[in-house]
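The values are calculated or read from the model by the stated rules, or taken from the named source; none is laboratory data. This structure is a prediction, so every number in the text was calculated from the model and none was measured. Positions of Cβ are generated from backbone atoms using ideal geometry, with glycine treated the same way; all protein chains shown enter the neighbour counts.
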Amino acid sequence: MDIFFLGTGAGMPAKLRNVTSIALKLLEERGAIWLFDAGEATQHQILHTSIKPRRIEKIFITHLHGDHIYGLPGLLSSRSFQGGDTEVTVYGPKGIKEFLQVSLSISQTYLKYPLTVAEIDEGVIFEDEQFLVEAKILDHGITSFGYRVVEKDRPGTLLADKLMEAGVQPGPIFRKIKNGETVTLEDGRVIEPEEFLGPAQKGRIVTILGDTRFCENAVSLAKDADLLIHEATFSKGEEKLASDYFHSTTHQAAEIAKKAGCKQLCLTHISSRYDRAAWLELAAEAQEILENTEIAEDFKEITIPYR
């Protein structure tokens, strides 16, 4: 599980930062990539990476401001020409369906793959045997969601030597036990999986928030997260300005992370008012509250290890 930043700027594209788009790489877990927001020129950013658009399985839109959605129609269109034929699901606030319908219809764009658009509300918006995704509304000028991605606990390591000592040979039975299934052998013995599996592997939690002021829903979504990605459009001391524009400061992002018990914080959505020399200062401001903090840059990658 890796986070890859395709765009980390606020408002409009800048020379040093493109607008927001974040890829959650789940290549080992499910051979797929989940995208969070798709600001203008997201597909151009992808060209400089190893990311394959055909691998994109889900796209989660936090809110409908242009710097988070203007790249979406182009990305979906190009995916058809790049070998993408599997279904894509787009999740987002009310209005995302109309935005895509109008954009694709007027441009007479034909997609060679099924596209599902789900306009969401608060709560669990996706769940399968591997992952659960929860959404909550944040505090922004328009409806803005934060997303909590929870990897479910994985079965422990198969104790193969112990199984062979019990007379079970490698093969289909091994797979069933690894999957947590109880198996009855030909001689009538019942093999319970918990006797032949090591401790369960604790799943990881990643929280990715849209634009927001300081709010309790952000704390709830970030509870015990391995990584929190939080906007920091303004530096500390600019709380009044941040509040007026429905954004957060470096200190406020760190306070959310600390209050939620996060293991790591990454600041993004950085205003172009801050040049490269100021980025380390912004990170240092947040580190005053939460030491394990870093600042995102375009093409930065963060690996999220198992606990």
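A search for C-beta distances below 6 Å between a residue of region 70-88 that is free of Cβ contacts under 8 Å to residues at least 60 places away in the same chain and any residue that is part of a loop (DSSP other than H, G, I, E, B) and of a type in the set (Lys, Arg), counting only pairs 6+ apart in sequence or on different chains, returns Ser80/Lys112; Asp85/Lys112.
When each of Ala232, Ala284, Ala225 is tested for being over 22 Å from Gly39 (Cβ atoms), of a type in the set (A, V, I, L, M, F, W, C) and buried (at least 16 other Cβ atoms within 10 Å of the Cβ), the lone residue that passes is Ala225. The residues of region 132-161 that are over 15 Å from Ile208 (Cα atoms) and touching a helix residue (DSSP H, G or I) at 6+ places or on another chain (Cβ under 8 Å), listed by number, are Pro155, Leu158, Ala160. Among the numbered conditions (1) in the same structural domain as Thr212 (by TED's automatic domain parsing); (2) over 17 Å from Thr62 (Cβ atoms), the only one that Gly92 does not meet is (2). With respect to Lys94, determine if the residue is surrounded by fewer than 16 Cβ atoms within 10 Å (Cβ to Cβ), touching an Asp or Glu at 6+ places or on another chain (Cβ under 7 Å) and at pLDDT 95 or above. Yes: the conditions hold for Lys94.
Just one of the listed residues (Glu98, Glu134, Glu127) is free of Cβ contacts under 8 Å to residues at least 24 places away in the same chain and under 22 Å from Leu228 (Cα atoms), namely Glu127. Report yes if some residue within region 258-272 is of a type outside the set (Ser, Thr, Tyr), in contact (Cβ under 8 Å) with a residue 24 or more places away in the chain and over 19 Å from Gly210 (Cα atoms); otherwise report no. Within region 258-272, one or more residues are of a type outside the set (Ser, Thr, Tyr), in contact (Cβ under 8 Å) with a residue 24 or more places away in the chain and over 19 Å from Gly210 (Cα atoms). For region 1-42, filtered to residues that are small (Gly, Ala, Ser) and not in a loop (DSSP other than H, G, I, E, B), the residue that is nearest to Phe131 (Cα to Cα) is Ala32. For the residues Glu216, Glu186, Glu238, the requirement of being out of contact with any Gly (no Cβ under 9 Å at 6 or more places or on another chain), among the charged types (D, E, K, R) and not assigned by TED's automatic domain parsing to the domain that holds Pro93 singles out Glu186. Taking interchain pairs and intrachain pairs at least six residues apart, which have beta carbon atoms under 7 angstrom, with the first residue in region 280-307 and without any contact (Cβ under 8 Å) to a residue 60 or more places away in the chain and the second of a type in the set (Asp, Glu)? From region 280-307, the pairs are Ala283/Glu294; Ile289/Glu255.
For region 20-41, a tally of residues being farther than 18 Å from Leu282 by Cβ, crowded, with 24+ Cβ neighbours inside 10 Å and over 12 Å from the mean Cα position of the chain (by Cα) returns 2.
Within region 97-108, the residues that satisfy the criterion of being of a type in the set (A, V, I, L, M, F, W, C) and loosely packed, with under 15 Cβ neighbours inside 10 Å are Val102, Ile106. Filtering region 43-98 down to residues that are in a helix (DSSP H, G or I) and aliphatic (A, V, I, L, M), which residue is farthest from Ile142 (Cα to Cα)? Only one residue tops the list, namely Ile46. Pairs are defined by a Cβ separation below 9 Å, a sequence spacing of at least 6 or placement on different chains, a first member in region 222-238 that is without any contact (Cβ under 8 Å) to a residue 24 or more places away in the chain, and a second member that is surrounded by fewer than 24 Cβ atoms within 10 Å (Cβ to Cβ) and part of a helix (DSSP H, G or I); the pairs so defined are Gly237/His251; Gly237/Glu285. Just to be sure, is Asp275 in contact (Cβ under 8 Å) with a residue 24 or more places away in the chain, closer than 30 Å to Glu29 by Cβ and surrounded by fewer than 24 Cβ atoms within 10 Å (Cβ to Cβ)? Considered against the rule, which asks whether it is in contact (Cβ under 8 Å) with a residue 24 or more places away in the chain, closer than 30 Å to Glu29 by Cβ and surrounded by fewer than 24 Cβ atoms within 10 Å (Cβ to Cβ), Asp275 comes out as no.
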